[in-house]
Amino acid sequence: MFFIDLKYPVLYSLLLPLIGSIILGMWGRRFGQRTIASVAISTVFGSFLLSLYIALKFWGTGDPVLLSFGNLIEVTGLEIPLGFHLDGLSVLLLTVVTAVASLILVYSTGYMVVRSSSSRFFGLMTLSVFFMLALILADNFITLLIGWSGIAVTTYLLIGFRFYNSDTVQSAKRFFIINAVSDTALLVGLILLITSPIALNYSGTGAGLTYRAVFENLTTLSVTDKPFLGSLVPLFETIAILIFIGAAGKSAQLLQHIWLPNTSDTPIPAIALMQSVTTVAAGVYLMARLHPVLLFAPTAMAIIAVISALSAFIAAGVALVQTDMKKILAWSTISQVGLMFLGCGVGAVAAAIFHLVTHAVVKSCLILSVGSVKYAMEGETDIRRLGGLKSLLPFTRVAFLAAVAALSGFPMLAGFFSVSEIFHGTFTLPFIFGWKWLAGIVGYAAIPVTAFYAYRLYYRIFEGEYHKPPGVEPSEPDLSMEAPVWISAALSVIGGIIAFPKPEFNVIDRYLSPVIDPPMISAIGFWGRTEDAFSSYFFMPITVGVFLIGYWVARNIYLRRPDDPREFKIHHKDLHMYLWDELRVEEILDVILIRPAKWIVSWLWREVDEGLIDRGIVEGTGKSTFILARMVNLLRNGYTRYYLLYLAIFITLVIWLASRQE
Amino acid sequence: MENGPEQDRKELRLYEAGNWFPPLMAGILVVTGLLVYLNYEFIVHHFYLPFISTPLEVFASTYRAYFLLLPEMLDLAGGILILLMDMIRPNKNRLRAPLTAQVTLILSYFPVIFTMYLTTRYFNAALGQYWGGLETIDPFSLFLKSIVLLTVNYVVVIAMRSKELPEKFSGEFYAFLMFAVVAVECVVSSSDILAIFLLTEFVAITSYILVGWLKNRPTSTEAALKYFLLGSMSSAFMVFGFAIMYGLSGTTNLYEMKVALHEVRMQDPSMVPVMLLSTLFFMVGIGFKLAIAPFHMYLPDVFEGAPTAIATFLSVTPKLATTAVFIRVFLLGLSTVADLWVPMMLICAVLSMTIGNLFAIRQTNMKRFLAFSSITHMGYMLLGLCAAGVIAKTNSNAAIQSLGYFGMLHYMVIYAIMNTGIFLIVSVVEHHSGGSHLDHFKGLVHRAPPSAYTMLVCLLSLAGIPPLAGFMAKFFVMWPLFEPNVELYPLAIIAILNMVVSAYIYLRIIKAMFLDKPMVEERFYPDTTYRYAMIPPFAFLALYLFGGYLIRWAYAYASSSYFLTINIYFGSSGPTGGL
């Protein structure tokens, strides 16, 4: 009864963005700017309204709802189901993604108004949202991969939106190559998972492809057959690491991050979309979705947690010295997503998703207001040439300040709660033993750095002296750009409310506990460990403390002693240059991977492809066929007597052969 | 051609007409697709039967034997009528004769389709053996008859607009054509070697006359003479083979022969070489009719010399009849001695595929090219027969229900439609550019886009490019080779290699049509008749995408076990009704 109500709302909330993008893709060129924008916004916003309805319907129910639409592929021995796995996690993300995407699309109408090919832009944005929703709603590993790859494709197209610029093409290509590598890892991991005994244990074809089948099996086994499950733990370690590599590629975690800061020519709304709700969020969603598997891979969890914490810290460090606004925010995203991965790595999945939600709002506000600044300053993004915009862009300034505060952990704002939750999980959950101290402390060290670079960004843009560039009259943008910034700023201020202290109104708890807790409880039972009894409130003062350090330093330096950074640059030249060069990952990869690969490939091309295959096999076959044809054509000369002769030869031959057989 | 204002206006009108051609085609595609989707039986029941059922049902129940021969009788009457018209007013029949032929052909559709409908509805109503077992009316023969009639419609369309055929006594041409059609229709339902021999000879002799129709063209006469000489030679072989078969089995009925040959073989194994000889001779005779290698040498000469309409006719209609004979004789009469003919059939299939392709590579004359292409396709078609034959080795009854049998039939139907489509365009180009050399096809897309696109679809389909019908045809003829009890993998590999070569030869034509510069830039506009005639092949080949409706229906109908049940229920004697 319940799911009959939801089947079509869910289907339409998924399909609406697709319909929008199809309309824009097919007929968008004929539409005016206004029509294009309204098609995109109405479809995504319609999807948001439907998802609100779904979320309200879902309030108070714990069990996942499986909506089946038959089979996607049906061959003997393999049935790939087509359906939706609707639980708290997917419902929550469905709402957040469509809401933030609607805001960003509204912003784009103002931002992209003078740009050409806006139908392509809006179509791609809508399509990107569609694939994200497909990923969120998938109920099995195959349809999950469809959404996953769709996100890769749309992100590639959005990064390369201005494809006439060779730098843009390079950065799009960089994204695609990195994703191809990490997706391969993910694919191998998922194949291992699908073919593992826990998935195949199920009788019936393909039943093991759905999450539900695999996870229920896992939970059951953790109680009924502990030795068997224990023998599978090494397999789960491998799967978890491979999935982490896959997710880290999409989420731009360290060593696979190089695509994210280099999207200089990508339209700002597209950057906002992929850094807040689609591309980068997809990896975190994947880790959260597959956390029941992760919980049975403690070593992998420890590796993930430590690497992510380091990633968060180092990325925040890189953001310290950059001067391009977009680059700072990109490194900030890498750092924040590192914290989310830390949450997933220690088992605090609900906190990670909470941070994903708050970060989505905060980061979209930051990027969009940076877009407003860039728009007002006619394309200037270098903070060294900005400053003193406080009086010129007052509304943007307030919104930006709110988002900066929320990002860096200002008490009672959105980021504060979610970060505290993550560290609460890190220090209390028992899965990764003593490593939690390392991961937790390194992660906590990222908070003051975050506060520092966030406030630095704010001070360098809005405070200080105003350098008026020639011919620029900065002013507040239109309402269509201002309103989304304000709404997201307001949400970043009050966003913490979704983790309201009273359990009845705690959205995160209501939606995520039924998804996260049962596997967690069974895993704790399996490992025989107990949770430490720290309260969540214990970590909030610590967060406030570390935030205050970063804030205080930034304030002192950038408001009182603006010359200090220059001195830092002179005294710590090597460190500064290393951070300024963004860790030189690309150079390292170039030496150890790209050059040898290029050498091997060019050898293969020259010797094997051109020499052997083209000249030898392909052309040789063609030539020999032609020679054969010329020879055969000699037989046909137009004389009837010859034709009869061939007939006679054939008959004689057949009779001769037949007599030999006797 | 003078370029007065009259001419300009006409061209303008035709140009405008050309503009609505693509939308019209698309519309027809959609409507036909919807009809197919909505349910064939519903349409027949509500739009066809109310108009036709009562009188036909009364006639059918009263004179069953005559009713089943009604299509043949109608066509025969049409032919005689055309002859009479020609006697009365010899010079006025340029259009009347083909129209009469067309009307007769369309009229003769109704009994065929009505009987098909009856047999799908009321399983074995009105079917059986007639005239002492000479003719067997079964779903198989009705199905082929409907395709034969369709192709002859096209032949008439092509002949009607042809500049080649002389104005005077043009009725005679269509009369002969109609008589040939009558014979073909009878061949597809023959189940007796006597009938088969007489009727295939009937078809052959009419074809000799039609090939040599252009008395002023030396190649035509030469082609007719060659065709006649080689054809009579092969007929001699065939009748010799039949004589031995009769001598061995003591019967001319194929249903009886099947049992008799088996008994003879069991009783006297020393008869096996004689059986082999009879099979071989029959194969030579009938292989010549189907033009499979190595009996194919006459075909390119004949296609080149004959009028285009007759080349179309020869490439399709008698081949459908001959396929029926192949199926009836090999899978029914000789199915108990399948081990004797399967090796020969394998050799012929391989030779046909390979030699046809190798000859076609260097052809620049479209008609000769199509001749070699048809040789290749007959080779592919034989793959199905080989597979069915391998099954017949172990179970002679299963051959007729096997996938190989179905694949063969399916292949022939699609081949027939593709080939008529191509010949239609060849005749259009010949009509407007004055020849059928490859050079005349260069840049066709700039000169007559709808024709070029129709040709493109047909050629790609012949090459077996996936979404089109030709791919499905090749798929279903290849599939039986991989069946667990057949396993003719080497044959499949040879066939696939040949498909690669044939892709080249068809793409060569497509390249000429789409990439090369035309010799003359001037656009031309095919006649309305041609334009309408282009729609069905195009529609069919594209519509084939719609859920394989034809596959399901043809499989259910043509290979319905009724072909077999006659054998089981009526034994060797068979029911004799009517006359």
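With a requirement of 1 or more residues that are within 11 Å of chain A (Cβ to nearest Cβ), out of contact with any Gly (no Cβ under 9 Å at 6 or more places or on another chain) and surrounded by 24 or more Cβ atoms within 10 Å (Cβ to Cβ), the helices (runs of 4 or more DSSP H) lying completely within region B:282-376 that satisfy it span B:298-305, B:338-361. Out of all the residues in region B:406-463, which are more than 23 Å from the chain's Cα centre (by Cα) and small (Gly, Ala, Ser)? Answer for region B:406-463, where residues must be more than 23 Å from the chain's Cα centre (by Cα) and small (Gly, Ala, Ser): B:Ser433, B:Gly434, B:Gly435, B:Gly443, B:Ala448, B:Ala452. Tell me, please, whether a residue that is out of contact with any Leu (no Cβ under 6 Å at 6 or more places or on another chain), crowded, with 16+ Cβ neighbours inside 10 Å and assigned to a helix (DSSP H, G or I) can be found in region A:461-477. Among the residues of region A:461-477, not one is out of contact with any Leu (no Cβ under 6 Å at 6 or more places or on another chain), crowded, with 16+ Cβ neighbours inside 10 Å and assigned to a helix (DSSP H, G or I), which makes the answer no. Checked against (1) of a type outside the set (Phe, Trp, Tyr); (2) more than 14 Å from every other protein chain (Cβ to nearest Cβ); (3) touching a helix residue (DSSP H, G or I) at 6+ places or on another chain (Cβ under 8 Å), A:Ser659 passes all but a single condition, namely (2). When A:Lys390, A:Lys374 are checked against the criterion of being under 26 Å from the mean Cα position of the chain (by Cα) and surrounded by fewer than 24 Cβ atoms within 10 Å (Cβ to Cβ), A:Lys374 stands alone in meeting it.
Mind listing whichever residues of region B:270-281 are farther than 11 Å from B:Met245 by Cβ and more than 11 Å from every other protein chain (Cβ to nearest Cβ)?
Here is the first cut: in region B:270-281, the residues farther than 11 Å from B:Met245 by Cβ are B:270-273, B:276, B:280.
Residue satisfying the conditions is B:Met271 alone.
Looking only at region A:542-585, which residues are touching a residue at least 12 places away in the same chain (Cβ under 8 Å) and exposed (fewer than 14 other Cβ atoms within 10 Å of the Cβ)? If the condition is that a residue be touching a residue at least 12 places away in the same chain (Cβ under 8 Å) and exposed (fewer than 14 other Cβ atoms within 10 Å of the Cβ), then A:Leu559 is the only one that fits. The requirement of being in contact (Cβ under 8 Å) with a residue 12 or more places away in the chain, closer than 26 Å to A:Tyr646 by Cα, surrounded by fewer than 24 Cβ atoms within 10 Å (Cβ to Cβ) and not acidic (Asp, Glu) is satisfied by B:Met275. Of the residues contained in region A:552-560, none is found to be closer than 30 Å to A:Lys327 by Cα, in contact with a His (Cβ under 8 Å, 6 or more places away or on another chain) and away from every other protein chain (no Cβ under 14 Å).
Taking B:Leu225, is it surrounded by fewer than 24 Cβ atoms within 10 Å (Cβ to Cβ), within 14 Å of chain A (Cβ to nearest Cβ), more than 20 Å from B:Gly384 (Cα to Cα) and over 23 Å from the mean Cα position of the chain (by Cα)? The answer is yes for B:Leu225.
For region B:64-82, filtered to residues that are touching a helix residue (DSSP H, G or I) at 6+ places or on another chain (Cβ under 9 Å) and surrounded by fewer than 18 Cβ atoms within 10 Å (Cβ to Cβ), the residue that is nearest to B:Pro166 (Cα to Cα) is B:Ile80. Test each condition in (1) β-branched (Val, Ile, Thr); (2) in contact with a Leu (Cβ under 7 Å, 6 or more places away or on another chain); (3) more than 8 Å from chain B (Cβ to nearest Cβ) for A:Val654 and report the one that comes out false. Only one criterion is unmet by A:Val654, namely (3). Candidates in region B:329-375 are the residues that are among the polar types (S, T, N, Q) and in contact with an Asp or Glu (Cβ under 8 Å, 6 or more places away or on another chain); of these, the one that is farthest from B:Phe313 (Cα to Cα) is B:Thr364. May I ask you to verify whether A:Thr184 is of a type outside the set (Asp, Glu), over 17 Å from A:Ile271 (Cβ atoms) and under 17 Å from the mean Cα position of the chain (by Cα)? Against the criterion (of a type outside the set (Asp, Glu), over 17 Å from A:Ile271 (Cβ atoms) and under 17 Å from the mean Cα position of the chain (by Cα)), A:Thr184 qualifies.
Looking across A:Ile177, A:Ile198, A:Ile245, A:Ile241, one residue alone is in a helix (DSSP H, G or I) and farther than 22 Å from A:Pro292 by Cα. It is A:Ile177. The single condition from (1) out of contact with any Ser or Thr (no Cβ under 7 Å at 6 or more places or on another chain); (2) assigned to a helix (DSSP H, G or I); (3) more than 13 Å from chain A (Cβ to nearest Cβ) that B:Thr251 fails is (2). Only a single item in (1) at pLDDT below 85; (2) exposed (fewer than 12 other Cβ atoms within 10 Å of the Cβ) is not met by A:Lys623, and it is number (1). Looking across A:Leu124, A:Leu78, A:Leu144, A:Leu92, one residue alone is modelled with pLDDT under 95 and in contact with a strand residue (DSSP E or B) (Cβ under 7 Å, 6 or more places away or on another chain). It is A:Leu144. Say whether the condition of being away from chain A (no Cβ under 14 Å) and over 23 Å from B:Thr323 (Cα atoms) is met by at least one residue in region B:202-210. No, the conditions are met nowhere in region B:202-210. Here B:Leu177 does not qualify as among the hydrophobic types (A, V, I, L, M, F, W, C), surrounded by fewer than 24 Cβ atoms within 10 Å (Cβ to Cβ) and in contact (Cβ under 8 Å) with a residue 24 or more places away in the chain. Between A:Gly622, A:Gly611, the distinction of being of a type outside the set (S, T, N, Q), within 14 Å of chain B (Cβ to nearest Cβ), more than 30 Å from B:Ser232 (Cα to Cα) and in a helix (DSSP H, G or I) belongs to A:Gly622 only.
For the structure I just gave you, tell me whether A:Leu579 is assigned to a helix (DSSP H, G or I), away from chain B (no Cβ under 14 Å) and among the aliphatic types (A, V, I, L, M). It is true that A:Leu579 is assigned to a helix (DSSP H, G or I), away from chain B (no Cβ under 14 Å) and among the aliphatic types (A, V, I, L, M).
Based on what the data block shows, is A:Val370 over 20 Å from A:Val546 (Cβ atoms) and modelled with pLDDT of 90 or more?
Criteria met by A:Val370.
Selection of region A:627-644 for residues being more than 7 Å from chain B (Cβ to nearest Cβ) and surrounded by 13 or more Cβ atoms within 10 Å (Cβ to Cβ) yields A:Leu635, A:Tyr642.
The values are calculated or read from the model by the stated rules, or taken from the named source; none is laboratory data. Small disclaimer: the values here were computed from a predicted structure and weren't measured. Using ideal geometry, Cβ is built from the backbone for each residue, glycine included, and neighbour counts are taken over all protein chains shown.
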